[in-house]
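Worksheet: one structure, shown below.
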Amino acid sequence: MTEWVFNWWAWAIFALALVILEIVAPAFVLLGFGIGAGVVSLLILLMGPGVTGASVPLLLAIFAAASLVAWLGLRQMFKLPTGQVKNFDHDINE
């Protein structure tokens, strides 16, 4: 029943779906999860499903760790420079 978890293409489809959802609702959260799923997909593709010892919890832990690292990296990359604040001085409808 859980054999689909060890297929690289299932993780690749999941990563693609998350990246597409990120385009619809931009917040860099889904993009981090998409990158994490992509990392797991590449890990399974390059090293084979035996890399996790056929353990679903270990595979999900790798996904969670990769997603967290990707999200922290995206947050660091796209943050505002120190001391800069967004100010709106006029109405955009004028």
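The values are calculated or read from the model by the stated rules, or taken from the named source; none is laboratory data. A quick note: this is a predicted structure, and the numbers were derived from the prediction, not measured. For neighbour counting, all protein chains shown are included, and Cβ atoms are generated from backbone atoms with ideal geometry for every residue, glycine included.
Quick notes
- Failed item in (1) without any contact (Cβ under 8 Å) to a residue 40 or more places away in the chain; (2) under 13 Å from the mean Cα position of the chain (by Cα); (3) loosely packed, with under 15 Cβ neighbours inside 10 Å, with ARG75 passing the rest: (1)
- Single unsatisfied condition, PHE33 versus (1) loosely packed, with under 12 Cβ neighbours inside 10 Å; (2) modelled with pLDDT of 80 or more; (3) among the aromatic types (Phe, Trp, Tyr): (1)
- All positions within the stretch 13-64 that are within 20 Å of MET77 (Cβ to Cβ), outside any helix (DSSP H, G or I) and in contact (Cβ under 8 Å) with a residue 40 or more places away in the chain: PHE28
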